[in-house]
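Everything on this sheet refers to the single structure shown next.
The values are calculated or read from the model by the stated rules, or taken from the named source; none is laboratory data. Remember, predicted model here, so these are calculated numbers, not experimental data. Positions of Cβ are generated from backbone atoms using ideal geometry, with glycine treated the same way; all protein chains shown enter the neighbour counts. Keep in mind that these areas ignore ligands, DNA and RNA; they rest on the heavy atoms of the full protein, side chains included. Shrake-Rupley method; radii C 1.70, N 1.55, O 1.52, S 1.80 Å.
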Amino acid sequence: MSAKIIHAFICRNDNFAVLIHDPETGLTAAIDAPDGAAIAGELDRLGWRLSHLLITHHHEDHIAGVAPLRARFACEVWGHAADRHRLPGLDREVQDGEVFGLLNEEVHVIATPGHTSGQIAYYFPGLGAVFAADCLFSLGCGRIFEGTARQMWQALDRLRKLPGNTALYCGHEYTQANARFALSVEPGNQALQKRAREVDALRAKGEFTLPAVMADECAANPFLRPESPEIRAHFGLEHASDAEVFAALRQGKDHFR
Ligand code: ZN
Ligand code: FE
């Protein structure tokens, strides 16, 4: 049984900040640093000290707070070796497939290129949680800025193979908007209808929709469902590869209003 506490909150507009605290050792890790002041304020409120900062990718809304947090807490900053040229100075460079110990937990590094070429996810099997940043969103996925649809699909395919009870933490609260597109390509999906209702109810109460459960995402998120006959028929791609269906989905979402 794990006594760790995962604390997520929204900062900037729709960015998730996540803190993982181990009461036993007193260590606290953050996944990404969208806003240094907001994260430091939350740490102060909770009486926690930041010991580790795990970066997923180089976009400003994920690293803006690295310098101030490092200055304040002298925390150890981790990030993908391949992106060292565009990340704030790294104390620890990690690679796809590496497994590290942190807070008495195993941390698995999963390369998820597509949104950016160097994006990585952090998977904590002992916590049953994955931090997927801007690769996989609830009911959606990140835009492809660097890399190909095939790469992005391969990344999502790796994430969807994690255990079904894995808690999915994402970089942004985009679920409600994502649901509108998802329903447009797979309106007959009952798991999606149910998730969309649940999301509307949460948002109406001012609550966020994460973490999601990976098995629910696999049932409802069109970007994890290129095998779906309904989605394939929507695009007229009955005989295409999964990667081709994924590419059509991503393009459709890029132009969806
Ligand atoms: Zn991003
Ligand atoms: Fe982002």
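Rounding to the nearest 10 and keeping the result within 0 to 90°, find how far the Cα-based axis of helix 149-160 lies from the longest principal axis of the chain.
70
Looking at the chain as a GNM with Cα springs under 10 Å, which of Arg49, Arg195, Arg225 has the largest mean-square fluctuation?
Arg49
If you roll a 1.4 Å probe over the heavy atoms of the protein chains, what accessible area per residue do you get for the range 124-163, in Å²?
In whole numbers, the range 124-163 has 36 Å² accessible per residue.
Rounded if a/c is under 1.5, else prolate if a/b beats b/c, else oblate: with a ≥ b ≥ c from the C-alpha gyration tensor eigenvalues square-rooted, which is the range 212-257?
Oblate is the answer for the range 212-257, as a/c is 1.5 or above yet b/c matches or exceeds a/b.
Tell me, which longest segment in the chain has none of the chymotrypsin sites (Phe, Trp or Tyr not before Pro) that fall in DSSP loops with at most 15 further Cβ atoms within 10 Å?
1-144
Which one, Ala204, Gly147, Asn165, is farthest towards the positive end of the dipole of the range 115-214 when Lys and Arg carry +1 and Asp and Glu -1 on their Cβ?
Final value for the positive-end residue is Asn165.
Which percent of the accessible heavy-atom area of the range 70-188 goes to carbon and sulfur, probe 1.4 angstrom?
Of the solvent-accessible surface of the range 70-188, carbon and sulfur hold 48 percent.
For the range 50-101, divide the Cα radius of gyration by the Kirkwood radius and give the resulting Rg/Rh value with two decimals.
Rg divided by Rh gives 0.94.
Just add up the charged neighbours of Ala74: K/R +1, D/E -1, any other residue whose Cβ is under 12 Å from the Cβ of Ala74.
Net of charged neighbours comes to +1.
Most fluctuating residue of Leu202, Leu127, Leu103 in a GNM of the chain with Cα springs under 10 Å: which is it?
Its mean-square fluctuation being the largest, the pick is Leu202.
Please provide three numbers in whole Å: the alpha-carbon extents of the range 1-77 along the principal axes, with the largest listed first.
Dimensions of the range 1-77 along the principal axes of its Cα atoms: 35, 24, 23 Å.
Placing +1 at every Lys and Arg Cβ and -1 at every Asp and Glu Cβ, with all other atoms neutral, what dipole size does the chain have around its Cα centre, in debye to the nearest 20?
So the dipole magnitude of the chain works out to roughly 440 debye.
Kindly identify the range 97-246 as rounded, prolate or oblate by the Cα gyration tensor criterion: order the square roots of the eigenvalues as a ≥ b ≥ c, call it rounded if a/c is under 1.5, otherwise compare a/b with b/c, prolate if a/b is larger, else oblate.
Oblate is the answer for the range 97-246, as a/c is 1.5 or above yet b/c matches or exceeds a/b.
Sorting Ile20, Ile144 by accessible area (1.4 Å probe), largest first, what list results?
Values: Ile20 0, Ile144 50 Å².
Ranked from most to least accessible, the order is Ile144, Ile20.
Using a simple charge model, +1 on the beta-carbon of Lys and Arg, -1 on the beta-carbon of Asp and Glu, nothing else, what dipole does the range 76-174 show about its Cα centre, in debye to the nearest 20? Numbers along the way, then the final one.
Values: 8 positive and 12 negative charges, 76 e Å.
Once rounded to the nearest 20, the dipole reads 360 debye.
Size of the chain along its principal axes in angstrom, Cα-based, largest extent first?
Dimensions of the chain along the principal axes of its Cα atoms: 54, 40, 35 Å.
Taking the radius of gyration and the Kirkwood hydrodynamic radius from Cα positions alone, what is the Rg/Rh ratio for the range 1-143, to two decimal places?
Ratio value, two decimals: 0.92.
What is the angle, in °, between the Cα long axis of helix 242-254 and the longest principal axis of the Cα atoms in the chain? Nearest 10 is fine, range 0 to 90.
Result, in degrees: 80.
Would you mind working out the magnitude of the charge dipole of the range 1-117 relative to its Cα centre, with +1 at each Lys and Arg C-beta and -1 at each Asp and Glu C-beta, to the nearest 20 Debye?
Result for the range 1-117 is approximately 280 debye, rounded to the nearest 20.
Would you tally the net charge around Ala182, using a Cβ to Cβ cut-off of less than 10 Å, leaving Ala182 out, and scoring K and R as +1, D and E as -1?
Residues near Ala182 contribute +3 overall.
Note down the net charge around Ala215, summing +1 for each Lys or Arg and -1 for each Asp or Glu among other residues with Cβ under 12 Å from its Cβ.
+1
Which is farthest toward the positive dipole end of the range 1-155 among Gln119, Cys75, Ile63, measuring Cα position about the Cα centre, with Cβ charges +1 (Lys, Arg) and -1 (Asp, Glu)?
My answer, from the dipole projection, is Ile63.
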